[in-house]
Amino acid sequence: MEMTNPKYKTQKKRIGVLMYPGCVALDLVGPIEAFNYVNLINTEGEPNSPPGYEICLIAENQGPVESMSGVRLYADESYHNFQQHLDILLVPGMRTGEESYKGPQLLAWIKSQASRSQRVASVCSGAYVLAHAGLLSGHKVTTHWNHGEALQRAYPDVKVDTSQIHCKSGKIYSSAGVTAGIDLALSIIEEDFGRATSLKIAKRMVVFLKRPGDQSQFSDLLNAQTTATRFALFLEWIESNLNKKLTIDTMANQCAMSPRNFSRAFKEDMSISPMNYIRIRRLERARLLLEDSDVSISMIARKVGFISSDQFSRSFQAACHTSPRDYRRRFR
């Protein structure tokens, strides 16, 4: 007889994971590993352990399915015969140009199965699959930042927001690419079995904490460095000098340019003025320190180059629509 915490239902939650040729293996293996760790806690006999998950891999036919990387995954069931009620239907992304998910039988099954599932989740470009099945109309979803614009153009009735790692809209759950699927799984585990269980799984998987859904997919620095040409080395210099007083004259001198030419060239390359770039980088550095450290807010203000805590708080409030203190409380 299965022994569980009385606050949980004794029956395991059932997850159906869809597979199709060309799907991204990590999009489904990462979340599966997170869900299965809940089962491991149960089998290890920890007190008040949750009942865990029953995981079933589903494809057109029972047997091996070749993923994008060439790794073959084995389907337990054929979707032609699978009509069970699910707690979660999970759909991974696919390689660029893959269209095997557009088969009418598969799409009909996804739509039918979604009606029998309490939650429907996509990882990365798996959002295309759900959108093509007509399940995302009016819903807010996220996907890998590289797919967001195309997804929005193809399905204008879907609210695409690639600023988030994962998000929830009704019974629709979605996440950004690859490892973000683990963050999505951890958030579902927290929803099902509590924060303590979710953080325990994150620790076992050596995941750095558990990223909240609305943490940004990528930093302004990374985005800037991919577009920078003349100023690549200068951007690295900025990262080492954010705590200092940075003026146009100081930065122009670092680049061996006149202040006027420097301002013009920087904005031409970066599509942002030098001082606005500095402000954004300081706030992003501060945001990361608030999320991942116990450094005091006044010390953070000094570390990122604000002349006072008040100036820092005003700038942070204007950019993030919340105070540094409330932001830290929310993300810790």
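Hey, any hits in the range 126-138 for a residue that's of a type in the set (S, T, Y), more than 12 Å from the chain's Cα centre (by Cα) and under 14 Å from V91 (Cβ atoms)?
There is at least one residue in the range 126-138 that is of a type in the set (S, T, Y), more than 12 Å from the chain's Cα centre (by Cα) and under 14 Å from V91 (Cβ atoms).
Among the residues of the range 290-303, count how many are under 26 Å from the mean Cα position of the chain (by Cα) and surrounded by fewer than 20 Cβ atoms within 10 Å (Cβ to Cβ).
5
Applying the selection to the range 282-332, what residues are touching a residue at least 40 places away in the same chain (Cβ under 8 Å) and not hydrophobic (A, V, I, L, M, F, W, C)?
R282, E284, R285, R287, E291, D292, R302, K303, G305, Y327, R330, R332, listed by residue number.
Here's a check for you: in the range 125-153, which residue that is in contact with a Gly (Cβ under 9 Å, 6 or more places away or on another chain) and among the polar types (S, T, N, Q) is nearest to L107 (Cα to Cα)?
S125
If a residue must be closer than 22 Å to R302 by Cα, of a type in the set (S, T, Y) and modelled with pLDDT of 95 or more, how many such residues does the range 251-287 contain?
Counting residues in the range 251-287 that are closer than 22 Å to R302 by Cα, of a type in the set (S, T, Y) and modelled with pLDDT of 95 or more gives 0.
From the list D76, D87, pick out the single residue that is surrounded by 13 or more Cβ atoms within 10 Å (Cβ to Cβ) and free of Cβ contacts under 8 Å to residues at least 24 places away in the same chain.
Only one candidate qualifies: D76.
Taking interchain pairs and intrachain pairs at least six residues apart, which have beta carbon atoms under 6 angstrom, with the first residue in the range 93-117 and of a type in the set (K, R) and the second surrounded by 12 or more Cβ atoms within 10 Å (Cβ to Cβ)?
As it stands, the answer is R95/G22; R95/M68; K111/A133, since those pairs meet every condition given.
Would a scan of the range 53-64 turn up a residue that is surrounded by fewer than 19 Cβ atoms within 10 Å (Cβ to Cβ), assigned by TED's automatic domain parsing to the domain that holds V120 and out of contact with any strand residue (DSSP E or B) (no Cβ under 8 Å at 6 or more places or on another chain)?
Looking through the range 53-64, none of the residues is surrounded by fewer than 19 Cβ atoms within 10 Å (Cβ to Cβ), assigned by TED's automatic domain parsing to the domain that holds V120 and out of contact with any strand residue (DSSP E or B) (no Cβ under 8 Å at 6 or more places or on another chain).
Can you tell me which residue among L151, L136 is aliphatic (A, V, I, L, M), outside any strand (DSSP E or B) and buried (at least 24 other Cβ atoms within 10 Å of the Cβ)?
L136
List pairs: first in the range 152-170 and of a type outside the set (S, T, Y), second loosely packed, with under 14 Cβ neighbours inside 10 Å, Cβ under 6 Å, 6+ apart or cross-chain?
Sorted first by the residue in the range 152-170, then by its partner, the pairs are D157/S137.
The values are calculated or read from the model by the stated rules, or taken from the named source; none is laboratory data. Note that the structure is predicted; figures quoted are calculated from it, not measured. For neighbour counting, all protein chains shown are included, and Cβ atoms are generated from backbone atoms with ideal geometry for every residue, glycine included.
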